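Below is one structure, written out as structure tokens; comments come after it.
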Amino acid sequence: MSNTTFLEGNFAPVPDEIDAVELEITGSLPEVLEGRFIRTGPNPIDPDPTNHHWFIGEGMLHGVSLRGGRAQWYRNRWVLGPSAAAHLDRPPVLRSPGGVFPGDGNTNVVHHAGMVLALEELSCPYVIGRDLETLGQTDFGGPLPFGINAHPKFDAVTGEMHVMGYSFAEPYLRYQVISADGLVVHGVDVDVAGPVMVHDMGLTERFAIALDLPVLFDLELAMSGRRLPYRWFDDYTPRVGFIPRGGIHAGAPSPTIWIEIDPCYVFHPLNAYDDGSRVVMDVVRHPTMFREELEGPNDGDPWLERWVFDLDRRSFSSTVIDDAAQEFPRFDERLTGRRHRYGWSAGATVTSLGSTDLEVGGSVFKHDLVAGTTERRELGRGRLGGEFVFVPAGPDAGEGEGWLMSLVNDLPSGTGELVVLDAQDLSDVARVHLPRRIPVGFHGNWIPDSALID
């Protein structure tokens, strides 16, 4: 993998911010969709091609506003962290005191306590306005000494936001809870053996789940100037930790239950739930990470797997759900921490995501984890999509009743689309035509108007 892989092809950054209104639609948008689909990703300004990593660079938001069956606008905006503000000669936004570094907001977009938040691990969230403007940072009343991870978990019953923050120095990992009204209310240090990279986490009704896996901060890489100084360590013991939620709420956290697993790396669990004395967790599993390739995740194709932990016996077992190359798993997040049936993922590898080959096409999977079946929908030649986000048809809709949304690039036309599929059968619902190609990015979400506070 060359140093310029993530600056070329579908990864290539776009040079400016634009607006387009009253977008053309193929098909018919459901009128109940009132809100914004917003996704972020690195869009580096003046990158160094000799020392670049996919995960690094000023964040750029891409948003589409939907209302009443219309696509009102598309716009893209840089997240105005210190680096972007300096490059663009714009005033810096007000920073929060937490986090290891300011960050670029280039990894995920979520909403909580009436706010839209652009996230990057090791930093505090950036608060984003309705028109994608950067308003400032928040530490939710603090303290958030390590910031938060890129994938907090939201308990749909309690309204709480659960986060894992990590650092280069001890204590390396901290689990914290942010209340439904946006205040840090609990926190506990988690005893891991080294400065691990913790992109995501798990949550069940009883436990927060920590992934203590063999990708760690490397001081030598940092001293050599590597932009992302993390690598695989063969001698690091991979473990998964179960932190009792009840203990932390009582103010006297119980010891974390640690169970060793086989060497691997996980960026993204699908979901987890309690099953008696066991915990079930579905994950996308990579064989290694940053072991052979340091510039991006290309150490072998990942697959979907089910992990089962017996907490009484301290045992672990795994079963392959689907061995096709895939990433970015999503599910009906009203069921976070509870038993789920369906999951969706993108058929994707680093090579396919960045391709400019008109014969290469992306795909989306639907997994029925009860029936044990997988359906695959091809997007078509020259059409490449990333993460597919599930949006329920309404608050009382059944599991999996709703739509999938993703930003898709159409290579023949050099433009992008917001694609809406029926989540049940993966059929076309609508395509919103965008005026430009959208660089390959990471994560986003549907932000309904009803979730925001004016």
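When the residues of region 164-189 are filtered to those that are of a type in the set (Gly, Ala, Ser) and not in a loop (DSSP other than H, G, I, E, B), the one that is nearest to residue 201 (Cα to Cα) is 165. Only a single criterion out of (1) touching a Gly at 6+ places or on another chain (Cβ under 8 Å); (2) modelled with pLDDT under 95 is not satisfied by residue 269, namely (2).
Give the residues of region 378-427 that are more than 22 Å from the chain's Cα centre (by Cα) and in a strand (DSSP E or B), sorted by residue number. Once the filter is applied, which keeps residues that are more than 22 Å from the chain's Cα centre (by Cα) and in a strand (DSSP E or B), region 378-427 yields 378, 410, 415.
Checking the structure you have, find out if any residue of region 342-353 is in a loop (DSSP other than H, G, I, E, B), hydroxyl-bearing (Ser, Thr, Tyr), crowded, with 16+ Cβ neighbours inside 10 Å and within 18 Å of the chain's Cα centre (by Cα).
Here is the first cut: in region 342-353, the residues in a loop (DSSP other than H, G, I, E, B) are 348-349.
Subsequent filtering for residues that are hydroxyl-bearing (Ser, Thr, Tyr) retains 349.
Then drop every residue that is not crowded, with 16+ Cβ neighbours inside 10 Å, which leaves 349.
This time we only want the ones that are within 18 Å of the chain's Cα centre (by Cα), so: 349.
Looking through region 342-353, at least one residue is in a loop (DSSP other than H, G, I, E, B), hydroxyl-bearing (Ser, Thr, Tyr), crowded, with 16+ Cβ neighbours inside 10 Å and within 18 Å of the chain's Cα centre (by Cα).
Filtering region 109-136 to residues that are outside any loop (DSSP other than H, G, I, E, B), under 24 Å from residue 18 (Cα atoms) and under 19 Å from the mean Cα position of the chain (by Cα) leaves 109, 110, 111, 115, 116, 117, 118, 119, 126, 127, 128. From the list 214, 269, the lone residue that is touching a residue at least 40 places away in the same chain (Cβ under 8 Å) and touching a Pro at 6+ places or on another chain (Cβ under 6 Å) is 214. The criterion of at least 3 residues that are within 26 Å of residue 176 (Cβ to Cβ) is met by the following strands (runs of 3 or more DSSP E) wholly inside region 225-324: 239-244, 257-260, 269-275, 278-285.
Note on region 428-445: residues that are in a strand (DSSP E or B) and either closer than 26 Å to residue 297 by Cα or in contact with a His (Cβ under 6 Å, 6 or more places away or on another chain) (or both) amount to 2. May I ask you to say which residue of 144, 173, 135 is within 17 Å of residue 99 (Cβ to Cβ), among the hydrophobic types (A, V, I, L, M, F, W, C) and surrounded by fewer than 20 Cβ atoms within 10 Å (Cβ to Cβ)? Just one listed residue meets the conditions, 135. Of 76, 106, all but one fail to be polar (S, T, N, Q), assigned to a loop (DSSP other than H, G, I, E, B) and within 21 Å of the chain's Cα centre (by Cα); the exception is 106.
Within region 4-11, does at least one residue satisfy the condition of being surrounded by fewer than 23 Cβ atoms within 10 Å (Cβ to Cβ) and assigned to a loop (DSSP other than H, G, I, E, B)? There is at least one residue in region 4-11 that is surrounded by fewer than 23 Cβ atoms within 10 Å (Cβ to Cβ) and assigned to a loop (DSSP other than H, G, I, E, B).
The values are calculated or read from the model by the stated rules, or taken from the named source; none is laboratory data. What you see is a predicted model, and the numbers here were worked out from it, not measured in a lab. With ideal geometry, Cβ positions are generated from the backbone for all residues, glycine too; neighbour counts draw on all protein chains shown.
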